[in-house]
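**Q** Starting off with a structure, shown below.
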Amino acid sequence: MNSGRNIDGLDDAAILLRSRLMLGRLFGVDNPSRVVFTSGVTASLNMLLWGMLEAGDHVLSTSIEHNAVARPLTLLRKTKGIEVTWLECEPDGTLDPALVDAHVRKNTRLLVMSHASNVLGSILPVASCFEAAKRHGLMTVLDSAQTAGGIDFRLDANTDVIAFSGHKGLGGLGGAGGFVLGDGIGAKIHPWLTGGTGSVSHELDQPDFLPDKFEPGTPNTVGILALGASVEELCEIGIATIREKEVRLTRRFLDGVRGLPAVVHGAGDADKSMPVVSLAVPGADLAVLARRLYDEHGILIRCGLHCSPLAHRTAGTLPQGTLRFSFGYATTEQEIDLALAALERVLSRR
Ligand SMILES: Cc1ncc(COP(=O)(O)O)c(C=O)c1O
């Protein structure tokens, strides 16, 4: 039988609170109730988008979004009559914030966008886009899957919600993530996932207070514990230190790859990117190259569309997609050099 006691003698509620405080510290939220845990960005965005939008609403998003944004919006368009405009990014993943002003309509309610492309690595001008969105009275939601833990940013007056993924830059386990809410925005979002919360159990309606409003069901306590511990460590290292190292690694890889017969898709500038580099190799079967990098050199990368057909349409890399190399704070310069040497060998024997 579950005693309710857990690691360090803390009960589940205390573990959740400790992690809420850590995530709150990272994202600049002083009230831990405004930190909601879910399984990740996908679950968060589904809850947020279905909870925020009504039939006839118009939404702005971008042409580099992950399917975690693109698919819920597509389903909302087909089933609920939501209108969607994908603001067109340049092929290198950059976005002109003036497009927000240009595409706002009378019925526009929301701007939802990624902080950085998971295909191209390019960091989007979120601050300017959200500032423009707020001038028009829109709600704003940030998909921080690619940037949380790698760039220092917080909730601010122009950012209503930040959705985060625990298992990428935040260093946690798969299946634990969530979202943080600005003051007052929780009341404007209908609960979409409903069920038991262990609170006001005599009511058939979902509680209207945070975080219970958005946290029905059994939480992933182990994952949330690990996420809180990892974020604590990241804060001790310092996000600026992490960023500085990841930029250095990305620059080293970009400099090395320039001499090889591969085309870099993305900003091609480490200072404007996350540590993600996408390559196209004209005439090659990318799956074969990725397989050989792993089998012959132990270098594990991803090839294909990376759950983001929109980004590949924007970059002009459909249908084959790209070879995507990604690095983290734990990656060493020696590993970057090994990856480059392996890529050179694989490309020279095709
Ligand atoms: C930009 C972006 N958004 C959303 C997701 C989905 O995140 P999660 O796995 O936490 O649902 C990913 C994952 O690859 C991503 O890169």
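The values are calculated or read from the model by the stated rules, or taken from the named source; none is laboratory data. Treat the numbers as computed from the prediction; the structure is a model and nothing was measured. For neighbour counting, all protein chains shown are included, and Cβ atoms are generated from backbone atoms with ideal geometry for every residue, glycine included.
**Q** When you go through 127, 133, 145 one by one, which is the residue that is in a loop (DSSP other than H, G, I, E, B), within 23 Å of residue 189 (Cβ to Cβ) and not assigned by TED's automatic domain parsing to the domain that holds residue 315?
**A** 145
**Q** Can you tell me how many residues within the range 305-322 are within 16 Å of the ligand (Cβ to nearest atom) and either out of contact with any His (no Cβ under 8 Å at 6 or more places or on another chain) or of a type outside the set (S, T, N, Q) (or both)?
**A** Residues in the range 305-322 being within 16 Å of the ligand (Cβ to nearest atom) and either out of contact with any His (no Cβ under 8 Å at 6 or more places or on another chain) or of a type outside the set (S, T, N, Q) (or both): 11 in total.
**Q** Further question: Looking at (1) loosely packed, with under 14 Cβ neighbours inside 10 Å; (2) on the phi > 0 side of the Ramachandran plot, can you tell me which one residue 93 breaks?
**A** Evaluating residue 93 over (1) loosely packed, with under 14 Cβ neighbours inside 10 Å; (2) on the phi > 0 side of the Ramachandran plot leaves (1) as the failure.
**Q** Sticking with this one: Looking at 186, 196, 171, which one is away from the ligand (no atom under 15 Å from the Cβ) and in a loop (DSSP other than H, G, I, E, B)?
**A** After ruling out the rest, the residue left standing is 196.
**Q** In the same structural domain as residue 60 (by TED's automatic domain parsing), away from the ligand (no atom under 16 Å from the Cβ), out of contact with any Asp or Glu (no Cβ under 9 Å at 6 or more places or on another chain) and touching a residue at least 24 places away in the same chain (Cβ under 8 Å) - does that describe any residue in the range 107-116?
**A** No.
**Q** Next question. Limited to the range 28-40, what total is found for residues that are surrounded by 23 or more Cβ atoms within 10 Å (Cβ to Cβ) and either away from the ligand (no atom under 16 Å from the Cβ) or more than 16 Å from residue 189 (Cβ to Cβ) (or both)?
**A** Of the residues in that region, 2 qualify.
**Q** Among the residues of the range 294-328 satisfying the criterion of being more than 23 Å from residue 87 (Cα to Cα) and touching a Pro at 6+ places or on another chain (Cβ under 9 Å), which is surrounded by the most Cβ atoms within 10 Å (Cβ to Cβ)?
**A** 325
**Q** When you scan the range 128-152, how many residues do you find that are under 20 Å from residue 87 (Cβ atoms) and under 14 Å from the mean Cα position of the chain (by Cα)?
**A** Number satisfying all stated conditions: 7.
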